[in-house]
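Following: one structure in structure tokens, then a few remarks.
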Amino acid sequence: GCDYAKKPDLFRRVWPQYVQGVKMLMNGAGVPDEDYCIEVDDEPKPEFMPHLVEIHQLAKAACPTVRLAETLACWKPKLEDMKALAPYCDRWILWRGAFFNKDAYLDFVRSELRAGKEVSLYSCEVTLRQSLLRYYRQHAWVAERHGLTGADMYQLTDYGSGKFGAKD
């Protein structure tokens, strides 16, 4: 792959081609742009957020109708970085524990929903021994309470790390 941080000039050249390739592949399979989304980055560190604006801009310039998603984790970026990214991001996937409290982040979530963006919350547990009430029953209710467009759940398993059973 081409890492933006290591080779930004190469990345700027190949990233738009990659987005065009995904669009061509999906459309060729009969999937219109409104039915898929490209996750641009998964849980970026806050210091990388300003670069994501450029990366999203490059993708939108290459393929304006392709939908772009961003997954943000517990290490919340600055609100101004999220606002700078908002014009180019079609779907937000936000960690449940960080973005849905009564503060400016929740105001941002509400404004994105009013703008017609998709916003979902997610949890990614690292053990199968977590609270069933919190993880399975309350998760959907939190999404409903905030009027979100989805509730995503992930389970990290570590079998492939050679430490069978350490977490899963």
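The values are calculated or read from the model by the stated rules, or taken from the named source; none is laboratory data. Everything quoted here is computed from the prediction, not taken from an experiment. Neighbour counts run over all protein chains shown; Cβ positions are idealised from the backbone, glycine included. Surface accessibility is based on the protein's heavy atoms, side chains included, excluding ligands, DNA and RNA. Shrake-Rupley method; radii C 1.70, N 1.55, O 1.52, S 1.80 Å.
Below, the figures for the structure above:
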read-out: Heavy-atom surface of the chain, accessible at 1.4 Å and reported per residue (Å²); value: 57 Å²
read-out: Relative contact order for the chain, counting Cα pairs under 8 Å that sit 6 or more residues apart, in percent; value: 16 percent
read-out: In degrees, nearest ten, helix 49-62 long axis to first principal axis of the chain (Cα); value: 50 degrees
read-out: Computed FRET value (nearest 0.05) for S131 with M24, which takes r as the C-beta separation and R₀ as 35 Å; value: 0.20
read-out: Loop-exposed trypsin sites (Lys or Arg not before Pro) per DSSP, neighbour cap 14 Cβ within 10 angstrom, longest uninterrupted part of the chain; value: 7-77
read-out: Calculated [θ] (222 nm, deg cm²/dmol) that DSSP helices of n ≥ 4 give over the chain, each run adding -39,500 (n - 2.57); value: -11500 deg cm²/dmol
read-out: Computed E for Q57/E34 - FRET, C-beta separation, R0 25 angstrom, nearest 0.05; value: 0.75
read-out: Among (i) 31; (ii) 46; (iii) 26, the entry derived from the coordinates for percent of Cα pairs over 28 Å apart; value: (i)
read-out: Probe 1.4 Å, all protein chains present, accessible-area order of S131, S120, largest first; value: S131, S120
read-out: Share of carbon and sulfur in the accessible heavy-atom surface of the chain [1.4 Å probe, %]; value: 55 percent
